Amino acid sequence: DMALIAVLQLGMLGFGLWQLAQARPVVLGFEGDRVRLVQAGDLGTGQLDQAPPGLGQLGYSGPRWLGVQLLANTDPQYAKSVQQAMLGLHPVLRPERWRPYASQQAQVQQALQPLAALRALHPGAGATIDQAIAASGAAEAELGFVPLMHGDDSDWVVLLRRSDATPL
């Protein structure tokens, strides 16, 4: 009886550890005007082989910042890409579109919204915004934000430095 209980408990422990590994955030990808969070379980088996060299490894030390190549509306695959995104397969979930974050610094800087807009969207969050600004050590004018999304959730934001698009 004790051996069966031990085997069952070890099996449940293994399952729990696997679930934790699948739920861990692995990518924060900039998609045009937002950042999208990707968990390990969001990516299918074999998809990482399609990532550009050096970008296809998923770590355990926190999410990796990446840029995401978006297609121009003149691209022959554009309509299919929009269709896939509408079905929940956003560009960040396609590793072949991953690019180094630094390569999209100008696009990130252009997408940054002023913190005054964030204050207007969430008037009750002024103290929290002030705390984040103080923790950054920067002036409010030196910072901007973009929405942070995971799935359909979009109640989060990412604060970044305007000068170099560095996340805080």
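Structure above, values below:
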quantity	calculated
Qualifying positions in the stretch 61-84 - open to solvent by 60 Å² or more (accessible area, probe 1.4 Å) and among the charged types (D, E, K, R)	ARG64, LYS80
From the options LEU118, LEU58, residue that is part of a helix (DSSP H, G or I) and touching a strand residue (DSSP E or B) at 6+ places or on another chain (Cβ under 8 Å)	LEU118
Test: residue in the stretch 134-157 that is part of a strand (DSSP E or B), of a type in the set (Val, Ile, Thr) and open to solvent by 40 Å² or more (accessible area, probe 1.4 Å)	yes
Output for the stretch 93-147, where each listed residue is basic (Lys, Arg) and under 18 Å from the mean Cα position of the chain (by Cα)	ARG94, ARG97, ARG99
Sole residue being without any contact (Cβ under 8 Å) to a residue 60 or more places away in the chain, open to solvent by 30 Å² or more (accessible area, probe 1.4 Å) and of a type in the set (A, V, I, L, M), chosen from LEU93, LEU87, LEU115	LEU87
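The values are calculated or read from the model by the stated rules, or taken from the named source; none is laboratory data. Just so it is clear, the model here is predicted, and its values are computed rather than measured. In this analysis, Cβ positions are derived from the backbone assuming ideal geometry, glycine residues included, and neighbour counts consider all displayed protein chains. The protein model used for the area step is the full one, side chains on, heavy atoms only, and it has no ligands, DNA or RNA in it. Shrake-Rupley method; radii C 1.70, N 1.55, O 1.52, S 1.80 Å.
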